[in-house]
Each structure stands twice: as structure tokens, then as C-alpha cells.
Amino acid sequence: MLKANIHAIVGVIMYALLIIMMSFSCAHLITQKKFNNSIEPITLESSSDTPFNNNNFVSLAKYYLQNTEGDYCGTTDECEQFGGEGSLISTASAGAIKIKKGNIYALTAAHFCVDEIDHELDLEEGVEPAKTVRASHMGINTKAKIEYMDEFNDLCLVSFEFSKISKIDTIKLAKKMPNIGDIVYAASAPLSITGPTFRIHVSGHYSGCDPLLGCLYTLPATFGSSGSLVLDKKGNLISMIQISVMPFNHVSAGPSVHAIKYFLQQYEEKSGIKLY
């Protein structure tokens, strides 16, 4: 009996350690980042070997606003003009799912949308620094708006306006999760590695879902990969990369397609806009 109890205790401890090792894939802090304000969309051909459309991929970056002297702008301050200088907080990956009334809507991870590291800044007491989110889609950079968040399921919806883009291929929600062992795909910006003329594609296998860890797959992920949409072999959305096992970052996890659909249904009830 004692030996069995010891084995049970060891098992619980090992499982707890695994959960602790699962880490959010947000990004690093960089200062004085210049924006590349390109004006023409760049379309990229997709391989027939992967269902991911390269032109659905979106990279996101969150910045503190700075004035012309390089000082952080508070919510009560007025920057003269935010013309491309800012202090980068974090980056994430995302996927555009639909265009509605001139706005492109994209899904990403909520821990990017709520990322807060204000304590690292030298600010006066009571001053909250102003922030902005920028989206890069098809080579064009623009300001993005956080539309809706679900921190429990780590899901966030952002929108941005592109007057030069009137259509994107819709990413459909899968009706169910794949079978264990089925191949899955994602495109992401690990370590902020992204650019208008290339995409980082990864593939792996669906491994099943766990009540604590979420749905797992053998997709490599690291900082910056958060928010990458995970697709099945038909190109349907099944999940999102939200966490990875840091000592072995070829295993990542995220929500089920049912959690994503519920999230979009909640947004529809709030806004009247259907995105699924």
C-alpha cells in the first residue's frame, strides 16, 4: 500500500512539473522599433502540399507610444505624432478569418492582448502608458483594434482596416477534432521571424486533448508562435498554438475547435457580427 501511494504521489508531482514547464509563447522586449509602412499588398503562392493560405497569416506587435523626444506617452499625455517610433512590448502570430464591412478580423492568443509589463518602465506614479497594436498582413502594416477577449480560453479577436484588400479566403471551422495521429499544420512567426515575402510553416500530428493541458500536437513553437492557427489536412481550423513545453518545444497546445466556435458565438451575441 505504501509503495502504491508513493508511486501515486510521484506521478502527481511529475504531472504538476509538466504543467509548470508549459509556458506562454509571448515575445521579448525591444526598444526603438521602426515601422515599415508599405502601401501595396504582397500576395504569396501556397504549396499544394499544405492547406494553409499564406495570405491569411497575420503578425501582430504591441508597442508603447513614444513622443518625438523618446518619452513614453501616458493616457493623459498627447504625443505630437506617432510616426513610426515606439517601444516594442511583445509579438504574436494570428490568422485572418473573415472580412466584414471593410475590416479584416483575425484570431490570436489573449495573453498577447493583455500582456502587461508596465512595472519595467520608469514612469511617474499613476501614469498608465499608452499602447498600440500593429498588424502586418500581406506586407502592409496598420493599426489594429482589440475587439473581444476570453482570457479563460486564451482567445482574442482583433480587427484592422485594409482599403486595398477586399477579399481573403475564409478559414472554416472544423466540425470536429481530428483523429489522434492525423497531420496538422500552422504558419507562425517564432522569435518574431516574419516578413512580407516569406512564411514559416510547421507541421506535426494531433495528439488528443487533456482537461488541463488542452489539445496537444507535435508542432514546434516558441516565443512569438502564440496565436498561430492550427489547421487540419483539409484546411479547416481546429485549434491555436497558445503554449509550448519549453524544454521540448516540439510539443504545443491550445483550445479545441468547440471552444473557438463558442468564443465567436459570444462575440456575435455582443456585436451582431458572425465570423464563423
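The values are calculated or read from the model by the stated rules, or taken from the named source; none is laboratory data. Keep in mind it's a predicted model, so treat the numbers as computed, not measured. Using ideal geometry, Cβ is built from the backbone for each residue, glycine included, and neighbour counts are taken over all protein chains shown.
Taking the options Tyr185, Tyr206, name whichever one is surrounded by 14 or more Cβ atoms within 10 Å (Cβ to Cβ), of a type outside the set (Asp, Glu), in a strand (DSSP E or B) and in contact (Cβ under 8 Å) with a residue 60 or more places away in the chain.
Tyr185
I need the full set of residues from the range 210-228 which are surrounded by fewer than 19 Cβ atoms within 10 Å (Cβ to Cβ), part of a strand (DSSP E or B) and modelled with pLDDT of 95 or more, in order please.
Across the range 210-228, there are no qualifying residues.
Only one of Phe152, Phe160 is in the same structural domain as Asn56 (by TED's automatic domain parsing), part of a strand (DSSP E or B), modelled with pLDDT of 90 or more and among the aromatic types (Phe, Trp, Tyr); which?
Phe160
Determine which member of the set Phe57, Phe82 is buried (at least 17 other Cβ atoms within 10 Å of the Cβ), modelled with pLDDT of 90 or more and among the aromatic types (Phe, Trp, Tyr).
Going through Phe57, Phe82 in turn, just one is buried (at least 17 other Cβ atoms within 10 Å of the Cβ), modelled with pLDDT of 90 or more and among the aromatic types (Phe, Trp, Tyr): Phe57.
Please go through the range 160-178 and pick out each residue that is within 25 Å of Cys79 (Cα to Cα) and crowded, with 21+ Cβ neighbours inside 10 Å.
Phe160 - this is the single residue of the range 160-178 that is within 25 Å of Cys79 (Cα to Cα) and crowded, with 21+ Cβ neighbours inside 10 Å.
Give Gly204, Gly227 a once-over and let me know the one that is in contact with a Leu (Cβ under 6 Å, 6 or more places away or on another chain) and closer than 24 Å to Thr91 by Cα.
Gly204
What is the one condition in (1) part of a helix (DSSP H, G or I); (2) within 21 Å of Glu151 (Cβ to Cβ) that Leu191 does not satisfy?
If we test Leu191 against (1) part of a helix (DSSP H, G or I); (2) within 21 Å of Glu151 (Cβ to Cβ), just (2) comes out false.
Give the range 229-276 a look and list any residue that's assigned to a loop (DSSP other than H, G, I, E, B), out of contact with any helix residue (DSSP H, G or I) (no Cβ under 6 Å at 6 or more places or on another chain), in contact (Cβ under 8 Å) with a residue 60 or more places away in the chain and surrounded by fewer than 22 Cβ atoms within 10 Å (Cβ to Cβ), or say none.
Asp232, Lys233, Lys234, Gly235, Asn236, Ser256, Ile273
If you take the residues of the range 128-143 that are surrounded by fewer than 21 Cβ atoms within 10 Å (Cβ to Cβ) and small (Gly, Ala, Ser), which of them is modelled with the highest pLDDT?
It comes out as Gly139.
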